[in-house]
Amino acid sequence: NGATLSGLSPKMIHRYSRHLLLPDFGVEGQLKLSKSSILVVGAGGLGSPVAMYLASCGVGCLGIVDSDIVELNNLHRQIIHTEAYVGQSKVKSAASSCHAINSSVKLVEHREALQAVNALDIVSKYDIVVDATDNLPSRYMISDCCVLLDKPLVSGAALGMEGQLTVYNYNGGPCYRCLFPTPPPSTACQRCSDSGVLGVVPGVIGCLQALEAIKVASAVGEPLSGRMLLFDALSSRTRTVKIRGRSPLCPICGENAAFTRENFQSFDYENFTQSPMSDRSSEKLNL
Amino acid sequence: NGATLSGLSPKMIHRYSRHLLLPDFGVEGQLKLSKSSILVVGAGGLGSPVAMYLASCGVGCLGIVDSDIVELNNLHRQIIHTEAYVGQSKVKSAASSCHAINSSVKLVEHREALQAVNALDIVSKYDIVVDATDNLPSRYMISDCCVLLDKPLVSGAALGMEGQLTVYNYNGGPCYRCLFPTPPPSTACQRCSDSGVLGVVPGVIGCLQALEAIKVASAVGEPLSGRMLLFDALSSRTRTVKIRGRSPLCPICGENAAFTRENFQSFDYENFTQSPMSDRSSEKLNL
Amino acid sequence: MHLTLEFGGGLELLCQSTKIHSVDVKPKPGEDKLAMRDLLVWVKSNLIKERPEMFMKGDSVRPGVLVLINDCDWELCGSLDTELEEKDNVVFISTLHGG
Amino acid sequence: MHLTLEFGGGLELLCQSTKIHSVDVKPKPGEDKLAMRDLLVWVKSNLIKERPEMFMKGDSVRPGVLVLINDCDWELCGSLDTELEEKDNVVFISTLHGG
Ligand SMILES: [Zn+2]
Ligand SMILES: [Zn+2]
């Protein structure tokens, strides 16, 4: 077995032994994982378990992008941050936690907001993108960017007592715009800061996002492409539904799409969705 | 609203604001959570997210019981432990992580194996028990103990690419023995150390266990009693199935059950299941 | 025709926070079939108690709402023209953006 | 009779690691119904390729295996005597203990 283990050091063989034992994963899955690079957009409720599980499982390179600062009211769900980091950069805090779990993973800290002007540069350095953001304009922007750069996108969302999960732009599957060509009215766009969220709900969805990213990176199993998982925490019911495929008419990924990198960089996503990317100005609690 | 907020300090109102905003949870849910005490049995793959999410969400008292030492090959899935704690007590490591996330939670460290001789003493101090162990005799022992002390039991398991979850002994629902009166042949009892486990699979199940514990503690939603969630990571499929209710003939929780605390304390669970509680002697990797 | 209708992602707030509705819906007089187009009108009149513009826009659902018939995106089976069958399950779910 | 049989929790290893089996099973000659009792015998002869004692014990499944008929514990609908119907889904799943 010396040959098949090449590429894994004795320390890796020990650390990941429970993965290597898996017939469906094994040495090949671990090697692919160790060569993959994954970008996590958002170090919040979803990003916390995503980054921690991707670090612990041994991806080669893990990038984290976020411009936010850790606040006390994040800690009820954002388990990657500790009280000691309140007031400091979320990316710095998240990278520190990931490094403590697995110092052999290369961590890249992007302490800035992912926006149309910098997204192509940042995303192009990774194989897979995980959307762990909390707002609508970022979701359109990340999906468009992933189509332009041909990167699979693991997209999760959580609000209140519900969560949703799917993989976009994978293996000929749909992009976010194929499903949602027109943004919803801005009055329909609730955030965790407006409506609340039970802390462990993004935990469940974030773990499932990490799983999908691992499956894509290691080429194991069937990723949730063309399917969407819907989770209701109150009833503990989950359904996996079949969703539409890539739309030939999609303005971004369709057959005659004429959306260029230049179009992307100058596209005003906040105006398109009538919704802001950052909610720090709207933080309030009405009881 | 001063009256309904009584019991929550201004700092708690700030920290848990995203919970308080939830119509289905709110101040009442948070207050109940802050008054609850939960015991997590096992600080491993399942126990990691369970303890972290229960600490972050603000339970009043969190007990963790485990006699194991952190090993490097735990870290691919046990995200509560860092490299710095390899060689040290899992309970010490887990409590330290939970304290860093939320210093207002009372943490109780039980650095010992939960066994028939000490289980009644330890479990009686808590309202809810989470079974996050990795072996069959512990599962029977914990369930029997929870029946004797009338504690709801949130039970999760993960192996390979699959996970299972249910709540036992809740509101007249079944106990573990109602479902599995006879132990399986010991050759059917695989562990993570024998067969491997994809690290994020106990992550998914552990988050779902934390959710069920939160629902029971806060009296919100429908806990998974009389139902079982089955998760297949390869296909990302989940099914929630209806399982049998409490069996009138159950030797532990049935109508004519004569199983006493004395019987419990002298019951040999390892002999009953023909399977050991600790697997440290059998640690090996055959590639 | 007996149908199970489910609302999620916040749409349940439009119908008094009830997520699952077990309903009987009759086809329009003179017709023997019920299309999704007709069901939407029925839902708007019978179940939606507030802000109907958060449910419908024109004769379809508003942008951002997924419609699933028996766990399958209605875009795959005819959208507004889909003809419903006895015991069908129809889910209306608003897409979430939080995290 | 067309049935979908699923194996999980490690039981799929007994049938060449295939989790989902779409099968046609005939009732015994002279009978017009198929009971779970008969299905178990059919599965043991036709799908189980190794260690049959990990699937059955006596005329039922071995301890530690849950049987679900259309997502419902077979203990709730007659166990071995349950009569199957066209297109039923039967799951055999071994309980897990790992963590
Ligand atoms: Zn598209
Ligand atoms: Zn019982």
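The values are calculated or read from the model by the stated rules, or taken from the named source; none is laboratory data. Since the structure is predicted, the reported quantities are computational estimates derived from the model, not experimental observations. All Cβ positions, even for glycine, are placed from backbone atoms using ideal geometry, and neighbour counts span all protein chains on display. Surface areas here come from the heavy atoms of the whole protein model, side chains and all, with no ligands, DNA or RNA. Shrake-Rupley method; radii C 1.70, N 1.55, O 1.52, S 1.80 Å.
Numbers below:
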{"read-out": "Global geometry of region A:61-119, whether rounded, prolate or oblate, following the gyration tensor of its Cα atoms and the 1.5 cut on a/c", "value": "oblate"}
{"read-out": "Computed label-point distance, nm, for sites D:S79 and B:F267 using a 7 Å Cα→Cβ extension", "value": "2.0 nm"}
{"read-out": "Stretchable slack from A:H14 to A:A219, in nm (0.36 nm times residue separation minus alpha-carbon distance)", "value": "71.6 nm"}
{"read-out": "Check: region D:2-94 dipole with +1 on Lys, Arg Cβ and -1 on Asp, Glu Cβ, in debye", "value": "440 debye"}
{"read-out": "Max mean-square fluctuation residue, GNM over chain B, Cα-Cα springs under 10 Å, options B:K125, B:K11, B:K90", "value": "B:K11"}
{"read-out": "Mean ellipticity per residue at 222 nm, deg cm²/dmol - from DSSP H runs of n ≥ 4 across chain A, formula -39500 (n - 2.57)", "value": "-10000 deg cm²/dmol"}
{"read-out": "Angle between chain C longest axis and helix C:36-46 axis [Cα atoms, degrees, rounded to 10]", "value": "70 degrees"}
{"read-out": "Inter-probe distance in nm under a simple model that places probes 7 Å from Cα toward Cβ, at D:S45 and D:V23", "value": "1.1 nm"}
{"read-out": "Alpha-carbon spread of region D:2-94, three principal axes, descending order, Å", "value": "32, 25, 24"}
{"read-out": "B:E162, A:E255, D:E83, ranked by accessible area, largest first (probe 1.4 Å)", "value": "A:E255, D:E83, B:E162"}
{"read-out": "Per residue solvent-accessible surface (Å²) - chain A, probe of 1.4 Å", "value": "33 Å²"}
{"read-out": "Too-long pairs where the Cα-Cα distance tops 32 Å, listed order kept, from C:K87/D:K26; C:K49/D:K87; C:K19/C:K57; B:K90/D:K44; B:K92/B:K215; A:K11/D:K19", "value": "C:K49/D:K87; B:K90/D:K44; A:K11/D:K19"}
{"read-out": "DSSP beta bridge pairing in chain A, given as percent antiparallel to the nearest 5", "value": "50 percent"}
{"read-out": "Residue mean of other protein chain beta carbons inside 10 Å, A:238-246", "value": "6"}
{"read-out": "Selected from D:L84, D:W74, D:S22, residue furthest toward positive end of dipole (region D:2-94; charges at beta carbon)", "value": "D:S22"}
{"read-out": "Top positive-direction residue, dipole computed over chain B with Cβ charges, set B:C178, B:V216, B:S89", "value": "B:V216"}
{"read-out": "Two-site label geometry, D:R37 and C:E31: point separation in nm, points 7 Å out along Cα→Cβ", "value": "5.2 nm"}
{"read-out": "Nonlocal amide H pairs with A:G63, under 5 Å, H built at 1.01 Å", "value": "A:I38, A:L39, A:V40, A:V108"}
{"read-out": "Charge context of B:L75, other residues only, Cβ under 11 angstrom, K/R +1, D/E -1", "value": "+1"}
{"read-out": "Under the Karplus curve 6.51 cos²θ - 1.76 cosθ + 1.60, θ = phi - 60°, whole-Hz ³J(HN,Hα) for region B:38-51, x wherever Gly or Pro sits", "value": "10, 9, 9, 9, x, 10, x, x, 7, x, 4, x, 4, 5"}
